[in-house]
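This report refers to the structure that appears directly beneath it.
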Amino acid sequence: MSSKHYFEEVAPQWDQMRSSFFPESIREKAVTAAGVTAGAVAADLGAGTGFITEELLKHGVRVIAVDQAESMLKQMKAKFGPKVSVEYRQGDAERLPIESGSLDYAFANMYLHHVENPARAIQEMARTLKPGGRLVITDLDEHTFEFLVTEQHDRWRGFKREDVRRWFQEAGLKEVKVESANATCCADSECKTERAEVSIFLAIGTR
């Protein structure tokens, strides 16, 4: 099963599943690190059912929510309703349906370890930013839990922070920081014989 098919299937249960994986403090830290301002335009990439978007809306930000799974976007639309400042777009990591230089901020939470080419995906995220725009990624540190690949269809077993830093710099981003988010992602294997507890990093860079 591909990552896309997996998320198409789990979309109706995703909010409940997600709540057991990582804490809500992640989105608060990401938005705070970016220094978002009301009226700005931000993308929530790999938006799922709107975990990051929900926090951005609290700060008066207009959101472009992008996900490869149509069913995730349907769940998100049902959650937020028609009156919120969210535009929904289906697309993938290496061909984002967003104009170059159009965003003040781009966020990707637990998204990078599902893409085929992380370095290329970061370049594509950076492309969408205005000069001075900020990219914030929260994701898994490198780990050895194989069941996250076989059961949850992760493509990557997390990342080395020095690799993430280099990819940001190669994408033309400046003032790059990759540090601990002071949070952990947790998951149990389907047979309940193994539990993953993986530290989460927060990476930020400016166009």
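Brief remarks follow.
- Every condition in (1) in contact (Cβ under 8 Å) with a residue 40 or more places away in the chain; (2) within 28 Å of Arg127 (Cα to Cα); (3) outside any loop (DSSP other than H, G, I, E, B) holds for Glu54 except the one numbered (1).
- Boolean, Ala33 is open to solvent by 30 Å² or more (accessible area, probe 1.4 Å) and either acidic (Asp, Glu) or in a helix (DSSP H, G or I) (or both): yes
- Residue within segment 179-191 that is over 30 Å from Gln13 (Cα atoms), touching a residue at least 40 places away in the same chain (Cβ under 8 Å), touching a Leu at 6+ places or on another chain (Cβ under 9 Å) and not in a strand (DSSP E or B) present: no
- Subset tally (residues that are of a type in the set (Gly, Ala, Ser) and open to solvent by less than 10 Å² (accessible area, probe 1.4 Å)) for segment 190-202: 1
- Pair list, Cβ < 6 Å and 6+ apart or interchain, from segment 152-168 residues that are on the phi > 0 side of the Ramachandran plot to residues that are part of a loop (DSSP other than H, G, I, E, B) and crowded, with 17+ Cβ neighbours inside 10 Å: Gly158/His143
- Filtered by the rule that a residue be of a type in the set (D, E, K, R), touching a helix residue (DSSP H, G or I) at 6+ places or on another chain (Cβ under 9 Å) and open to solvent by 10 Å² or more (accessible area, probe 1.4 Å), segment 132-153 gives Arg134, Asp141, Glu142.
- Among the residues here, Leu129 qualifies as under 23 Å from Glu162 (Cβ atoms) and open to solvent by less than 10 Å² (accessible area, probe 1.4 Å).
- Among the numbered conditions (1) open to solvent by less than 100 Å² (accessible area, probe 1.4 Å); (2) modelled with pLDDT of 95 or more; (3) more than 16 Å from the chain's Cα centre (by Cα), the only one that Ala187 does not meet is (2).
- Filter result (open to solvent by 60 Å² or more (accessible area, probe 1.4 Å) and in a loop (DSSP other than H, G, I, E, B)) within segment 155-178: Arg155, Trp156, Arg157, Lys160
The values are calculated or read from the model by the stated rules, or taken from the named source; none is laboratory data. Bear in mind that the values here come from a model prediction, so they are computed numbers and not experimental data. Cβ: placed from backbone, ideal geometry, glycine included. Neighbour counts: every protein chain shown. Side chains included, ligands, DNA and RNA excluded: accessible areas come from the protein's heavy atoms. Shrake-Rupley method; radii C 1.70, N 1.55, O 1.52, S 1.80 Å.
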